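J.: Attaching a single structure in structure tokens format; questions to follow.
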Amino acid sequence: MTDAVFDKMGASLHTRPDHPIAIIKEAIYAYFDAAASDPARLAAGHGRSAFSKFDALHPVVPATANFDEVLVPADHVSRSPNDTYYVDDATVLRCHTSAHQSSSLRAGERAFLVTGDVYRRDSIDCSHYPVFHQMEGVRVFEKSEWEAAGLPDGTALAERELKGLLEGLAAHLFGPSAETRWVDAYFPFTHPSFELEVLFNGEWMEVLGCGVMQPAILGAAGLEEGAVSAWAFGLGLERLAMCLFQIPDIRLFWSSDPRFTKQFRAGGMGSRFKPYSKFPPCFKDVSFWQPEGKPAVSENDMCEVVRGVAGDLAEAVTLIDAFTHPKTGRASTCYRIAYRSMERSLEDEEINAVQERVRGALADGLGVELR
Ligand code: FA5
Ligand code: MG
């Protein structure tokens with residue numbers, strides 16, 4: 001893991017009252033507190049009690065909690081060190097707050113929200129960052145609830161309540177006229193599964209994943225399979241805050257520039273980010289031959305190197321060409337890196353030096369042959 005990621009552990013943006021991530025967290029809490037006492041939104045058996053809230057669970061978790069307990073198959077891509085940061089073979093930086101589903105259920109929680117920082121090796125663009133924040137929600141139903149609702153099983157009730165609640169949440173955050181749409185999805189831990197997208201700056205942005213929990217997870221946590229059902233969701237807090245506050249780039253959440261931080265205050269849902277400057281980006285391409293007899297350098301590897309060297313000066317990394325040489329069979333890859341600071345204009349000299357260090361790190365660290 002690069003220092004750029006490691007240094008962010010413990011930053012706890014979601015517990016700093018004036019930070020946009022904390023503001024959106026509190027707004028979501030308020031929505032679920034209100035929903036818990038509204039029979040139109042939560043079916044009866046919930047007992048009108050509020051959701052339990054956790055926001056200080058440690059991000060270093062057993063790999064079993066992050067994967068096995070939520071039924072992620074042994075060969076699922078998310079388990080690979082290309083996607084997840086391993087501390088050692090048995091321990092990871094959680095890649096989602098779903099890592100806390102099972103332990104919370106075992107501790108007796110039946111309706112809860114878990115907020116925290118999560119870590120992923122991922123691509124670089126305006127809506128992806130290697131550290132971001134999620135809020136997990138889980139709510140368990142008893143058989144008496146779906147019977148009272150006149151439904152044949154728990155899945156139908158869970159799906160109905162889940163979609164209603166999340167549509168209500170979107171309206172609460174963005175107003176009734178926000179454009180949203182449901183997309184069918186796949187997660188190992190839910191069935192059926194869905195993602196919600198919000199129209200933002202003319203494009204659909206995925207803000208959350210959710211679904212009806214697999215009964216086996218409930219059973220393994222000590223609940224009686226068949227006598228209960230549950231829904232679960234995982235919200236991307238940066239993405240929701242980008243839509244709400246009109247924040248165009250995910251790097252801004254980590255900015256300490258007062259021109260950014262001073263724009264937000266606790267409880268201030270009505271803030272709209274006012275850009276203070278827009279400097280031109282600078283594009284640099286890098287082409288290389290993939291190492292021979294070794295696994296190929298992936299986009300996530302590439303992005304980690306770029307993030308490690310350039311930090312938040314890296315705005316986007318895009319694959320622009322890949323081909324295999326017809327005679328030698330060697331694979332060539334070309335990426336375009338966009339550099340841009342949110343705070344100041346960059347000198348050519350500075351960017352050339354950064355680009356040289358990126359090239360050096362690719363050649364020395366990953367063993368590619370630069371072209
Ligand atoms: C999950 O992480 C599932 N655990 C969500 C879930 C929970 C589904 C419970 C069902 C039940 P996904 O990988 O799609 O799913 O991430 C969830 C959200 O996190 C995304 O919709 C997006 O809003 C946000 N997200 C994902 N990757 C990044 C990233 N690199 N940077 C910023 N936000 C991200
Ligand atoms: Mg997704």
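The values are calculated or read from the model by the stated rules, or taken from the named source; none is laboratory data. These numbers were taken from a predicted model, which means no experiment stands behind them. We place every Cβ from the backbone using ideal geometry, glycine too, and count neighbours over all the protein chains shown. With ligands, DNA and RNA removed, areas are computed over all heavy atoms of the protein, side chains included. Shrake-Rupley method; radii C 1.70, N 1.55, O 1.52, S 1.80 Å.
J.: Checking residue 256 against (1) free of Cβ contacts under 8 Å to residues at least 40 places away in the same chain; (2) outside any loop (DSSP other than H, G, I, E, B); (3) not basic (Lys, Arg), which single condition isn't satisfied?
T.: Only one criterion is unmet by residue 256, namely (2).
J.: Just to be sure, is residue 251 in contact (Cβ under 8 Å) with a residue 24 or more places away in the chain, within 16 Å of ligand 2 (Cβ to nearest atom) and not in a strand (DSSP E or B)?
T.: On the way: in contact (Cβ under 8 Å) with a residue 24 or more places away in the chain: yes; within 16 Å of ligand 2 (Cβ to nearest atom): no; not in a strand (DSSP E or B): yes.
No; evaluated as a whole, the condition is false for this residue.
J.: For residue 300, which of the numbered conditions (1) in contact with a Ser or Thr (Cβ under 8 Å, 6 or more places away or on another chain); (2) farther than 30 Å from residue 79 by Cβ fails to hold?
T.: The single condition residue 300 does not satisfy is (2).
For (1) under 22 Å from residue 25 (Cβ atoms); (2) at pLDDT below 95; (3) among the β-branched types (Val, Ile, Thr); (4) more than 13 Å from ligand 1 (Cβ to nearest atom), each residue gets a yes or a no:
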position	(1), (2), (3), (4)
69	no, no, no, no
75	no, no, no, yes
78	no, no, no, no
86	no, no, no, yes
95	yes, no, no, no
102	no, no, no, no
120	yes, no, no, no
134	yes, no, no, no
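J.: Determine if the stretch 201-220 includes at least one residue that is over 17 Å from the mean Cα position of the chain (by Cα), within 19 Å of residue 43 (Cβ to Cβ) and open to solvent by 10 Å² or more (accessible area, probe 1.4 Å). Step through it out loud before you land on a result.
T.: Start the filter on the stretch 201-220 by keeping residues that are over 17 Å from the mean Cα position of the chain (by Cα), which leaves 201-203, 212-220.
Remaining after also requiring within 19 Å of residue 43 (Cβ to Cβ): 212-213, 215, 218.
So of that shortlist, the ones also open to solvent by 10 Å² or more (accessible area, probe 1.4 Å) come out as 215.
Yes, because at least one residue in the stretch 201-220 is over 17 Å from the mean Cα position of the chain (by Cα), within 19 Å of residue 43 (Cβ to Cβ) and open to solvent by 10 Å² or more (accessible area, probe 1.4 Å).
J.: Now, a different point. Residue pairs, Cβ under 6 Å, 6 or more apart or interchain, first in the stretch 97-125 and more than 16 Å from ligand 2 (Cβ to nearest atom), second among the basic types (Lys, Arg) and assigned to a strand (DSSP E or B). List them.
T.: Correct list of pairs: 111/139; 113/53.
J.: Kindly check whether there is at least one residue in the stretch 62-78 that is hydroxyl-bearing (Ser, Thr, Tyr), within 21 Å of residue 111 (Cα to Cα) and touching a residue at least 12 places away in the same chain (Cβ under 8 Å).
T.: Residues of the stretch 62-78 hydroxyl-bearing (Ser, Thr, Tyr): 64, 78.
From what's left, within 21 Å of residue 111 (Cα to Cα): none.
There is no residue in the stretch 62-78 that is hydroxyl-bearing (Ser, Thr, Tyr), within 21 Å of residue 111 (Cα to Cα) and touching a residue at least 12 places away in the same chain (Cβ under 8 Å).
J.: Taking the condition of being touching a Phe, Trp or Tyr at 6+ places or on another chain (Cβ under 9 Å) and open to solvent by less than 50 Å² (accessible area, probe 1.4 Å), how many residues in the stretch 61-72 meet it?
T.: Number satisfying all stated conditions: 3.
J.: Here are some residues: 196, 166. Which one is within 16 Å of ligand 2 (Cβ to nearest atom), assigned to a strand (DSSP E or B) and buried (at least 18 other Cβ atoms within 10 Å of the Cβ)? Steps first, answer last, please.
T.: Working: 166 fails: assigned to a strand (DSSP E or B).
Step by step, each of 196, 166 is checked, and only 196 is within 16 Å of ligand 2 (Cβ to nearest atom), assigned to a strand (DSSP E or B) and buried (at least 18 other Cβ atoms within 10 Å of the Cβ).
J.: Please verify whether the stretch 308-323 includes one or more residues that are farther than 20 Å from residue 129 by Cα and more than 30 Å from the chain's Cα centre (by Cα). So that I can check it myself, show each step before the final result.
T.: Applying the first criterion (farther than 20 Å from residue 129 by Cα) to the stretch 308-323 yields 320-323.
Keeping just the survivors that are more than 30 Å from the chain's Cα centre (by Cα) gives 323.
The answer is yes, given that some residue of the stretch 308-323 is farther than 20 Å from residue 129 by Cα and more than 30 Å from the chain's Cα centre (by Cα).
J.: What single numbered condition from (1) surrounded by fewer than 24 Cβ atoms within 10 Å (Cβ to Cβ); (2) under 30 Å from residue 34 (Cβ atoms) fails to hold for residue 133?
T.: It is condition (1) that residue 133 fails.
J.: Before we move on, is residue 139 farther than 30 Å from residue 301 by Cβ, away from ligand 1 (no atom under 13 Å from the Cβ) and in the same structural domain as residue 189 (by TED's automatic domain parsing)?
T.: no
J.: With respect to residue 151, is the statement that it is farther than 29 Å from residue 8 by Cβ and either in a strand (DSSP E or B) or touching a strand residue (DSSP E or B) at 6+ places or on another chain (Cβ under 7 Å) (or both) true? If you could, list the steps in order and put the result at the bottom.
T.: Working: farther than 29 Å from residue 8 by Cβ: yes; either in a strand (DSSP E or B) or touching a strand residue (DSSP E or B) at 6+ places or on another chain (Cβ under 7 Å) (or both): no.
Here the answer is no, as residue 151 does not meet what is asked.
J.: Which one of these is under 30 Å from residue 20 (Cβ atoms) and either touching a Lys or Arg at 6+ places or on another chain (Cβ under 6 Å) or not assigned by TED's automatic domain parsing to the domain that holds residue 220 (or both): 57, 113?
T.: Result: 113 is the single residue among 57, 113 that is under 30 Å from residue 20 (Cβ atoms) and either touching a Lys or Arg at 6+ places or on another chain (Cβ under 6 Å) or not assigned by TED's automatic domain parsing to the domain that holds residue 220 (or both).
J.: Looking only at the stretch 199-240, count how many residues are within 16 Å of ligand 2 (Cβ to nearest atom) and part of a strand (DSSP E or B). First the steps, then the outcome.
T.: We begin by selecting, within the stretch 199-240, every residue within 16 Å of ligand 2 (Cβ to nearest atom); these are 200, 203-211, 232-240.
Among the residues that remain, those that are also part of a strand (DSSP E or B) are: 200, 203-211, 232-236.
Summing the residues that are within 16 Å of ligand 2 (Cβ to nearest atom) and part of a strand (DSSP E or B) in the stretch 199-240 gives 15.
J.: For residue 87, state whether it is touching a residue at least 24 places away in the same chain (Cβ under 8 Å), open to solvent by 50 Å² or more (accessible area, probe 1.4 Å) and β-branched (Val, Ile, Thr).
T.: Yes.
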